[in-house]
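Undergrad: Have a look at this one.
The values are calculated or read from the model by the stated rules, or taken from the named source; none is laboratory data. Just so it is clear, the structure is predicted and the values come from calculations on it, not from any experiment. Ideal geometry is used to build each Cβ from the backbone, glycine not excepted, and the neighbour counts take in all protein chains shown.
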Amino acid sequence: MLRMKLIGIAGTNGSGKDTIGALLARQHGFLFVSASDLLRDECRKRGLAVERENLRAISAEWRREGGLGILIDKAINLFTEAQENYTGLAIASLRNPGEVDRVHELGGQVIWSDADPRVRYSRIQAANRGRGAEDTKTYEQFKAEEEAEMHSIGDAATLDMAAVKNLCDTTILNEGTEADLESQIVGLV
């Protein structure tokens, strides 16, 4: 078992997963790895559009080839290369129950982040983080994509955020300020 603090971060789209990871990095010395960023980088390497459908396909491919916890293992490899610089590892955007199982197997905990859907949609639109088509969806498209990611299609390698939510150790409702969010995180570190 690794000797480090390990926090997995899961939650609905726009709920602040990356913000939680950034807070853990900035305030508590964690290495923050976004599983979504790993997948976006892979899309770019393959010359694919950085769209949710391609991210889902690559993540399922990786899970079939490397096991359901492959994204956790990729983040741990990054941590291992520079662990002397960090107090722990925070990995965001867990979307498969196998990822939660892997974090628990390694002695870590998993946070579920959520907020009202309209709040989350507004955040994504306001941030316009340069993620192309991901940032320009209508509210109806946003909700439809989230619903598609909430339940497995019968393939263990695909996304199943509802199962992830059920396996999480704690839930954070992120509808306030960053200071409010930090106050919820402090007790977890």
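Undergrad: Cβ-Cβ below 7 Å, separation at least six or inter-chain, first residue in segment 46-75 and farther than 15 Å from GLY98 by Cβ, second hydrophobic (A, V, I, L, M, F, W, C) and surrounded by 20 or more Cβ atoms within 10 Å (Cβ to Cβ): which pairs?
TA: Taking only residues 6 or more apart or on different chains, the pairs are LEU55/LEU39; ILE58/LEU39.
Undergrad: For segment 11-30, does any single residue satisfy the condition of being within 14 Å of the chain's Cα centre (by Cα), farther than 28 Å from TYR139 by Cβ and modelled with pLDDT of 95 or more?
TA: Looking through segment 11-30, at least one residue is within 14 Å of the chain's Cα centre (by Cα), farther than 28 Å from TYR139 by Cβ and modelled with pLDDT of 95 or more.
Undergrad: Moving on to the next point. Would you check if there is a residue in segment 113-129 being in contact (Cβ under 8 Å) with a residue 24 or more places away in the chain, farther than 12 Å from GLY16 by Cα, surrounded by fewer than 17 Cβ atoms within 10 Å (Cβ to Cβ) and charged (D, E, K, R)?
TA: no
Undergrad: Next up: Give the residue that is farthest from ILE9 (Cα to Cα), with candidates limited to residues of segment 32-75 that are of a type in the set (Val, Ile, Thr) and either touching an Asp or Glu at 6+ places or on another chain (Cβ under 7 Å) or surrounded by fewer than 20 Cβ atoms within 10 Å (Cβ to Cβ) (or both).
TA: From segment 32-75, those of a type in the set (Val, Ile, Thr) are 33, 50, 58, 70, 72; that's our starting set.
This time we only want the ones that are either touching an Asp or Glu at 6+ places or on another chain (Cβ under 7 Å) or surrounded by fewer than 20 Cβ atoms within 10 Å (Cβ to Cβ) (or both), so: 50, 58, 72.
Numbers: VAL50: 21, ILE58: 20, ILE72: 11 Å.
Restricting to residues being of a type in the set (Val, Ile, Thr) and either touching an Asp or Glu at 6+ places or on another chain (Cβ under 7 Å) or surrounded by fewer than 20 Cβ atoms within 10 Å (Cβ to Cβ) (or both), the top hit is VAL50.
Undergrad: Additional query: Just wondering, is there one or more residues in segment 128-135 that are more than 18 Å from ALA115 (Cα to Cα), in a loop (DSSP other than H, G, I, E, B) and modelled with pLDDT of 80 or more?
TA: no
Undergrad: For segment 80-101, name all the residues that are within 16 Å of LYS5 (Cα to Cα) and aliphatic (A, V, I, L, M).
TA: Correct list: ALA82, LEU89, ALA90, ILE91, ALA92, VAL100.
Undergrad: Restricting attention to segment 153-183, which residues are buried (at least 16 other Cβ atoms within 10 Å of the Cβ), assigned to a helix (DSSP H, G or I) and touching a Leu at 6+ places or on another chain (Cβ under 8 Å)? Reasoning before the result, please.
TA: Applying the first criterion (buried (at least 16 other Cβ atoms within 10 Å of the Cβ)) to segment 153-183 yields 157-161, 163-165, 167-168, 172, 174, 181-182.
Applying the additional criterion that residues be assigned to a helix (DSSP H, G or I) yields 161, 163-165, 167, 181-182.
VAL164, LEU181, GLU182 - these are the residues of segment 153-183 that are buried (at least 16 other Cβ atoms within 10 Å of the Cβ), assigned to a helix (DSSP H, G or I) and touching a Leu at 6+ places or on another chain (Cβ under 8 Å).
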